[in-house]
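The values are calculated or read from the model by the stated rules, or taken from the named source; none is laboratory data. These numbers come from a predicted model, not from an experiment. Note that each Cβ is placed from the backbone with ideal geometry, even for glycine, and that neighbours are counted across all protein chains shown.
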Amino acid sequence: MAIDLSEILVVGVSSRALFNLEKENDVFEKEGVTGYRKFQLENENNPLEPGAAFYLVKSLLNLNELASKRIVEVVVMSRNSAETGIRVLNSLRHHQLDITRLAFSGGEPLASYIDAYDVDLFLSKDSKDVQAAIDSKTCAAANIYAPPASFNSQENKVKIAFDADAVLFSDESEQRYKSEGLEAFQKHELEHENEPMKEGPFAKLLMKLSKIQAHFPTSIELTPIRIAIVTARNAPAHMRVINTLRHWGVYVDEMYFLGGLPKDKVLQAFGAHIFFDDQDYHLESASKVVPSGKVPYDSGSPLNKKE
């Protein structure tokens with residue numbers, strides 16, 4: 001029997017993004033598969049600690065209870081074998097995460113299985129898998145940073161923050177800024193403020209989030225999904241962002257046009273469960289206060305050369 005996931009947000013998360021597996025990864029790097037397998041089997045009844053994506057996943061799954069129907073599915077995707085993955089399964093039970101779909105690839109790359117699970121968002125600490133997902137344009141994907149030292153999760157809401165250019169929108173404006181400078185960028189955006197920007201790698205995810213907001217009985221402003229855009233843009237380049245979102249028919253709760261200021265304090269005040277950006281400059285400070293993920297450029301983008 002086929003399952004219709006068109007109205008359901010599907011998140012694929014690697015075991016290293018969901019749980020803190022850095023010690024285990026060190027064992028793998030030093031002792032190889034044999035040492036790693038031995039370590040995991042010896043510790044399979046010791047629950048894993050939360051990783052950077054844990055509180056996002058927990059809060060997303062809580063939406064199913066708030067909506068009184070299943071509007072979110074989470075798939076744990078791991079390069080473990082089923083045997084070494086027992087510790088992951090035990091940890092899911094320990095943390096009471098309602099996750100039933102799993103993929104244990106036994107060391108093979110995970111990117112090939114993203115489409116098979118109809119994933120809308122893929123979170124991982126494997127840069128090759130994330131890059132493959134971005135290049136395939138199958139779904140939104142981000143490389144997860146190490147979790148902040150402390151993070152207070154507000155589980156009755158899900159707070160997701162996005163950068164604008166090269167994340168929600170295409171990287172064309174970012175290319176212009178980096179190749180022609182700020183003045184040329186501002187002039188172009190002002191002249192084209194009523195022309196919608198092209199979709200970026202996270203545009204479809206934003207639209208899907210907007211779609212599942214409709215499952216709550218309240219008005220869209222009061223749903224437990226809260227979305228923010230935190231961008232280095234400022235006036236006069238702000239209007240094109242707002243007009244593009246109107247054209248897409250999506251609602252964003254909060255917008256911050258920072259004009260190049262650091263983003264970490266705004267993100268901490270917002271309480272983001274996750275922040276997506278394309279630049280390490282912003283992510284290095286942001287990831288100290290909120291869980292964060294880097295959105296890589298498409299392999300064919302000129303921005304890779306500029307990076």
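Within the range 125-140, is even one residue among the hydroxyl-bearing types (Ser, Thr, Tyr), more than 24 Å from Asp298 (Cα to Cα) and in contact (Cβ under 8 Å) with a residue 24 or more places away in the chain?
no
Results for (1) at positive phi; (2) crowded, with 20+ Cβ neighbours inside 10 Å; (3) assigned to a loop (DSSP other than H, G, I, E, B); (4) not assigned by TED's automatic domain parsing to the domain that holds Gly293, shown as yes or no for each residue.
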site: Gln40; (1), (2), (3), (4): no, yes, no, yes
site: Pro47; (1), (2), (3), (4): no, no, yes, yes
site: Lys58; (1), (2), (3), (4): no, yes, no, yes
site: Leu61; (1), (2), (3), (4): no, yes, no, yes
site: Glu65; (1), (2), (3), (4): no, no, no, yes
site: Arg70; (1), (2), (3), (4): no, no, yes, yes
site: Val76; (1), (2), (3), (4): no, yes, no, yes
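Which condition does Ser285 not pass, out of (1) in a helix (DSSP H, G or I); (2) closer than 23 Å to Glu189 by Cβ; (3) without any contact (Cβ under 8 Å) to a residue 24 or more places away in the chain, if it passes all the others?
The single condition Ser285 does not satisfy is (2).
Could you please let me know if Tyr251 is part of a loop (DSSP other than H, G, I, E, B), surrounded by fewer than 21 Cβ atoms within 10 Å (Cβ to Cβ) and touching a strand residue (DSSP E or B) at 6+ places or on another chain (Cβ under 9 Å)?
Against the criterion (part of a loop (DSSP other than H, G, I, E, B), surrounded by fewer than 21 Cβ atoms within 10 Å (Cβ to Cβ) and touching a strand residue (DSSP E or B) at 6+ places or on another chain (Cβ under 9 Å)), Tyr251 qualifies.
Got a number for residues in the range 265-293 being buried (at least 21 other Cβ atoms within 10 Å of the Cβ) and charged (D, E, K, R)?
Count: 2.
Looking at the range 185-215 only, could you name the residues that are part of a loop (DSSP other than H, G, I, E, B) and under 23 Å from Val119 (Cβ atoms)?
Result: Lys198, Gly200, Pro201, Phe202, Ala214, His215.
Only one of (1) assigned by TED's automatic domain parsing to the domain that holds Lys204; (2) closer than 19 Å to Gly271 by Cβ fails for Ser153. Which number is that?
Here Ser153 meets the rest and fails (1).
Assess whether Asn243 counts as being among the polar types (S, T, N, Q), at negative phi, assigned to a loop (DSSP other than H, G, I, E, B) and outside the structural domain of Asp126 (by TED's automatic domain parsing).
no
So if I check each of Ile229, Ile220, which one is surrounded by 15 or more Cβ atoms within 10 Å (Cβ to Cβ) and either of a type outside the set (Asp, Glu) or in contact with a helix residue (DSSP H, G or I) (Cβ under 7 Å, 6 or more places away or on another chain) (or both)?
Every option except Ile229 fails the conditions.
Among the numbered conditions (1) in the same structural domain as Ala140 (by TED's automatic domain parsing); (2) out of contact with any His (no Cβ under 6 Å at 6 or more places or on another chain), tell me where Ile3 comes up short.
Going through the list (1) in the same structural domain as Ala140 (by TED's automatic domain parsing); (2) out of contact with any His (no Cβ under 6 Å at 6 or more places or on another chain), Ile3 breaks only (1).
Within the range 288-307, count every residue that is out of contact with any His (no Cβ under 9 Å at 6 or more places or on another chain), in a loop (DSSP other than H, G, I, E, B) and either hydrophobic (A, V, I, L, M, F, W, C) or under 19 Å from Ala17 (Cα atoms) (or both).
Residues that pass the stated criteria total 4.
Of (1) surrounded by fewer than 17 Cβ atoms within 10 Å (Cβ to Cβ); (2) under 22 Å from Lys159 (Cβ atoms), Phe54 satisfies all except one. Which?
Against the list (1) surrounded by fewer than 17 Cβ atoms within 10 Å (Cβ to Cβ); (2) under 22 Å from Lys159 (Cβ atoms), Phe54 comes up short only on (1).
Tell me, which residue of the range 1-26 that is aliphatic (A, V, I, L, M) and in contact with a helix residue (DSSP H, G or I) (Cβ under 7 Å, 6 or more places away or on another chain) is surrounded by the most Cβ atoms within 10 Å (Cβ to Cβ)?
By that ranking, first place goes to Leu18.
Between Asp129, Asp118, which is within 16 Å of the chain's Cα centre (by Cα), acidic (Asp, Glu) and closer than 20 Å to Asn64 by Cβ?
Just one listed residue meets the conditions, Asp118.
Residue check, Gly51 against (1) of a type outside the set (A, V, I, L, M); (2) at pLDDT 95 or above; (3) within 14 Å of the chain's Cα centre (by Cα), all met but one. Which one?
Answer for Gly51: the failing condition is (2).
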